[in-house]
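Quick one: the structure is below, questions incoming.
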Amino acid sequence: MPEDYFGEHVAARYDESAADMFDPAKVGPVVEFLAELASDGSALELGIGTGRIALPLAQRGIRVHGIDLSEAMVAQLRAKPGADKIDVTIGDFATTTVERRFSVAYLVFNTIMNLTSQDEQVACFQNVAAHLQPGGCFVIEVGIPDLQRLPPGETVQAFTVTPTRLGFDEYDVAAQGMISHHYWIEDGKLEVFSAPFRYVWPGELDLMARLAGMSLRERWSDWNREPFTSDSRQHVSVWEKPASPSR
Ligand SMILES: C[S@@+](CC[C@H](N)C(=O)[O-])C[C@H]1O[C@@H](n2cnc3c(N)ncnc32)[C@H](O)[C@@H]1O
């Protein structure tokens, strides 16, 4: 089982620390996009966390099933109104199975990068394909690796610098790895959190989808379907499982 970086301490502060991502103006288009794909009214969220997307999606009448490693994140979800409509399985979303099949599976907020090896990311696509109905879709929201902003020879790139918070990514380009470091002041004390990621390119994800028998259906730069271009900093991609098994 991969290491759980979302223990009690992180889980208790997650919604507050990611407050901008809970803004209804950000959540609304995600829910709209996913609800359209949930043709039979069922959805699987990998890394469901505290229910940022799953709860409003369930409120739209979609039956959401979640998978997450972190008991602490899921406990936060369970404490929220509407959580009784959502089933959650604790486990690694690259390998955990549930007995249902879904019309859409989704993995948002860069969470594919929490799988820190190519093998795990490939396994995740294969696991998702096995959980989709024929014609079902897999949706990923993830950043484009920021390597264009990393000068030659440098390995560190800051993403937050304020008087009370410092965040920077430390790149290992040869290994396609990155560690995100966070330092912040809380109640007058220095808090520190670091977690490893594997950044991944859109074309590599397309190949993982092909290995799992799926093909690219759409790629946008955001949930409002703005075009994906050379300047896009992230993408929302949808891969589709064939409607009928190929011969
Ligand atoms: C950045 S949070 C995103 C939570 C939620 N999807 C959201 O958008 O707010 C990542 C979540 O994925 C979970 N996670 C990370 N790696 C995982 C893995 N290999 N298997 C299952 N859950 C994982 C973490 O426990 C955490 O709840």
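The values are calculated or read from the model by the stated rules, or taken from the named source; none is laboratory data. Only a predicted model underlies this, so the values are computations on that prediction, with no experimental measurement involved. Every residue, glycine among them, receives a Cβ derived from its backbone with ideal geometry; neighbour counts consider all protein chains shown.
Counting residues that are closer than 21 Å to V236 by Cβ, which strands (runs of 3 or more DSSP E) fully inside segment 1-109 reach at least 2?
Strands (runs of 3 or more DSSP E) meeting the threshold: 42-46, 63-68, 102-107.
With the checklist (1) at positive phi; (2) surrounded by fewer than 17 Cβ atoms within 10 Å (Cβ to Cβ); (3) near the ligand (Cβ under 8 Å from one of its atoms) in hand, flag the one item G61 doesn't pass.
(3)
May I pose another question? Look at E204 and say whether it is among the acidic types (D, E), assigned to a strand (DSSP E or B) and either in contact with a helix residue (DSSP H, G or I) (Cβ under 7 Å, 6 or more places away or on another chain) or at pLDDT 95 or above (or both).
Considered against the rule, which asks whether it is among the acidic types (D, E), assigned to a strand (DSSP E or B) and either in contact with a helix residue (DSSP H, G or I) (Cβ under 7 Å, 6 or more places away or on another chain) or at pLDDT 95 or above (or both), E204 comes out as no.
Sort out which residues of segment 7-26 are more than 9 Å from the ligand (Cβ to nearest atom) and closer than 28 Å to G61 by Cβ, and write them in order of number.
If the condition is that a residue be more than 9 Å from the ligand (Cβ to nearest atom) and closer than 28 Å to G61 by Cβ, then A19, D20, D23, P24, A25, K26 are the ones that fit.
For segment 116-141, what are the residues that are touching a Phe, Trp or Tyr at 6+ places or on another chain (Cβ under 8 Å) and within 13 Å of the ligand (Cβ to nearest atom)?
The answer is T116, C124, N127, V128, V139, I140, E141.
Keeping to segment 72-102, report how many residues are under 17 Å from the mean Cα position of the chain (by Cα) and either more than 13 Å from the ligand (Cβ to nearest atom) or closer than 27 Å to D119 by Cβ (or both).
The total comes to 11.
What about I67, is it among the hydrophobic types (A, V, I, L, M, F, W, C), closer than 30 Å to I185 by Cα, near the ligand (Cβ under 10 Å from one of its atoms) and surrounded by 23 or more Cβ atoms within 10 Å (Cβ to Cβ)?
Here the answer is no, as I67 does not meet what is asked.
Residue pairs, Cβ under 8 Å, 6 or more apart or interchain, first in segment 129-146 and at positive phi, second part of a strand (DSSP E or B) and not charged (D, E, K, R). List them.
G135/S103
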